[in-house]
Every structure is written in structure tokens, then in C-alpha cells.
Amino acid sequence: MIEFERVVKDFAGGVRAVDTLDLIVEKGEISVLIGPSGCGKTTSMRLVNRLIPLTSGRITVEGRDNREIAPEDLRRKIGYAIQQIGLFPHMTVGQNVAVVPRLLGWEETRVAKRVDALLELVGLDPDIHRDVYPRQLSGGQQQRVGVARALGADPPIMLMDEPFGAVDPITRAVLQDEFLQIQATIAKTVVFVTHDIDEAIKMGDRIAVMREGKLVQYDTPQDLLARPADEFVRAFVGADRELKRLGLVRVRDVMSAPGGEPPEPGEDAVPEHASVRDALSALVGRAFGETPVVDADGRVCGVITLEALRAALRREVEERAS
């Protein structure tokens with residue numbers, strides 16, 4: 001767990017980047033910091049691993065004041081993934097992933113096993129990618145290596161500063177999905193910075209909206225969309241809040257069993273883990289109002305209809321009005 005207690009960060013010239021921040025990041029959850037440029041979100045995150053010193057207040061990491069932990073020890077137990085990736089160009093992919101385990105003095109056999117396991121975890125074949133250099137990878141592959149390196153020594157905490165912001169939208173969505181699948185297995189405590197409200201809603205267990213260094217609202221995605229704290233938050237999350245809330249409902253929760261013989265999956269099939277919002281986008285404009293739903297193995301497990309999606313949208317509108 002990470003706890004901010006009345007944290008203040010001032011820079012030269014009297015600029016207050018973080019203003020009396022109180023925030024708790026629960027163990028095993030992804031807490032997203034979001035807000036306009038200059039709101040203090042990245043500064044707040046960097047205070048956790050002491051990349052910059054705080055001015056006043058206190059940050060505890062797993063119950064200990066982070067100022068009482070030697071910086072190098074603190075940073076070795078906190079994974080750090082950034083938008084620019086920051087891979088060492090003169091090192092192979094395997095050497096990049098192995099940096100922290102080797103700093104910790106792991107024996108080489110253990111390091112090699114960890115490198116291969118992490119590359120597999122992020123969807124890269126160790127036999128193909130272990131010995132190549134970052135310049136030989138695509139942007140999405142480099143981002144995967146960055147995440148693998150952040151997980152190198154199996155840290156309990158991860159800091160992620162717009163980690164998927166440097167890739168195209170399609171690759172970004174894939175990386176988001178893959179990280180959420182990984183998180184479901186490893187349950188790290190994550191502080192995730194983004195400027196994209198859709199990414200925040202998708203990735204976060206809780207979302208902290210910041211403005212001018214202050215925390216404006218800290219809530220689950222559902223509550224943030226349903227009950228914005230003020231006009232600033234309402235404007236920030238956007239006018240399409242009902243549609244965004246549909247992004248939190250999974251297709252498996254509204255699908256129905258296929259009647260008769262299960263249909264063939266085909267190209268129009270919708271994954272059961274997809275959001276209702278994604279399914280609505282897929283179905284609108286088609287000549288038919290029903291499409292098969294497939295599980296992780298590509299087998300048909302249900303069907304989704306436009307009427308079911310309309311019903312889900314009506315429920316969101318009614319809940320907002322209540």
C-alpha cells in the first residue's frame with residue numbers, strides 16, 4: 001500500500017506542483033492519476049520512489065516512510081515504466097530485462113529463467129527476441145520490453161507514467177488489454193499516470209482527478225462517471241458519460257445463450273471480455289442485429305443483440321437519473 005499524507009511539493013520560484021495531497025493506493029489495485037497538463041500527476045508519482053524530494057508531508061510505502069529507505073533500495077522494489085520506454089540501446093532485450101535482478105546479485109541461472117518468463121508474460125518469444133537489440137523491435141514490442149524490465153525483480157509496486165502513450169491507438173489498446181490480463185495474475189500495486197480519460201476508465205480500479213496540484217475527486221470509474229464532484233470533473237470526463245460507463249460493462253454480462261445450433265464465430269464475433277461500448281460500435285450499421293460472442297479459445301459462448309445493448313444503455317441512463 002502507498003499513502004500520501006498532506007504531501008506538498010514546491011519548486012523554485014514559488015511554484016506549488018502538489019498541494020496538500022491525501023491519497024491511499026490500496027494493495028493490488030491500479031490507481032490512475034489524471035488531469036490537465038501541469039496538474040501535478042507525474043510529480044506526485046515521482047515522489048513515491050524519490051526521483052524528486054517532497055517539500056513537506058509524508059509518503060509511506062508498505063507502512064514505511066519512504067525517506068527512511070535508501071533511494072537505491074526503494075527503487076529496486078518499485079518497477080518503473082515510462083512513455084519513452086528508456087531501454088538501453090547498447091544492451092540486448094534480455095540484458096535490458098535483467099538489469100535489476102543482476103543489480104540485486106541474482107545468480108545467472110535464475111536471471112536467465114526470469115528473463116524468459118517475463119518475455120513470455122508480455123507476449124514476446126524469448127528464443128526470437130532475447131538476443132536482439134531495441135532498435136530491431138517495433139514501438140509496441142519495445143513497450144512490452146519496458147514493462148518486462150519494470151517487472152524484472154518481481155517488485156510489489158509499479159509506477160507507470162503514460163506507458164502506452166508512444167504507440168498507435170490499435171497497439172495501445174492491445175497493450176492495455178495485455179497488461180490488465182497480466183495484472184489479474186500478478187496483482188501489483190500500481191500508480192498509473194495518463195492524460196486520457198478513456199484509458200483511465202479502462203485501466204483504473206480508482207481514479208484520482210487532479211487540478212493545479214490538488215486532488216479534486218478520487219473514486220472508482222463507475223462513481224466518477226455517475227457522480228462527478230463538480231463542474232471541472234464533469235467537463236473533464238466528457239459529455240458522453242453514459243457511453244463511457246458502457247465501457248465498464250462486459251459483453252459476457254449482457255449476452256444470451258445462442259438458440260439452436262451455435263453460430264460460426266466468423267469475423268464479426270465479439271470477445272466475451274469486450275465492453276458493451278465496443279460491441280455497440282461493432283454492431284451499429286450492420287444489416288443484422290445479432291452476432292456471436294466467443295471466449296478466450298475462440299469458441300462461441302453466446303450471442304449479443306442490439307436490443308441487449310440498448311437495454312444496457314437505458315439502465316445506465318436510469319441509474320444516472322436516480
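The values are calculated or read from the model by the stated rules, or taken from the named source; none is laboratory data. For clarity, every value in this text was computed on a predicted model and none was experimentally measured. Cβ: placed from backbone, ideal geometry, glycine included. Neighbour counts: every protein chain shown. These area figures cover heavy atoms from the full protein model, side chains too; ligands, DNA and RNA do not enter into them. Shrake-Rupley method; radii C 1.70, N 1.55, O 1.52, S 1.80 Å.
Descriptive notes on the structure:
- Sequence-distant aspartates and glutamates (8 or more away, or on other chains) whose Cα lies within less than 18 Å of Lys113: Asp125, Asp127, Asp131, Asp154
- Apportionment of accessible area to carbon and sulfur, the chain, percent (1.4 Å): 49
- Cα-based radius of gyration of segment 1-107 once divided by 2.2 N^0.38 Å, which approximates compact folds: 1.20
- Working ranking of peptides 104-117, 30-43 by packing, defined as the average number of other Cβ atoms within 10 Å per residue, highest first, is 30-43, 104-117.
- DSSP bridge analysis restricted to the chain gives an antiparallel fraction near 55%, rounded to the nearest 5.
- Only the Cβ atoms of Lys and Arg (+1) and of Asp and Glu (-1) were treated as charged; on that basis the dipole of segment 1-112 about its Cα centre amounts to roughly 240 debye.
- Take every pair of alpha-carbon atoms less than 8 Å apart whose residues are at least six positions apart; their mean separation over the length of segment 28-128 yields a relative contact order of 13 percent.
- Summary of packing: across the peptides 158-168, 218-228, 178-188, the per-residue average of other C-beta atoms within 10 Å ranks them, highest first, as 158-168, 218-228, 178-188.
- The shape of segment 91-221 can be summarised by an equivalent ellipsoid whose semi-axes, obtained from the alpha carbon gyration tensor, come to 29, 17, 12 Å from longest to shortest.
- Contact order normalised by residue count of the chain, Cα under 8 Å, 6+ apart, percent: 18
- Tail fraction, Cα-Cα pairs, the chain, threshold 34 Å, whole percent: 32
- Remark: the Ile128-Ile170 segment gains 12.8 nm on full extension, using 0.36 nm per residue and subtracting the alpha carbon distance.
- Cross-link reach list, lysines versus Lys27, counting only Cα pairs under 21 Å and skipping chain neighbours closer than eight places: Lys41, Lys77, Lys188, Lys202
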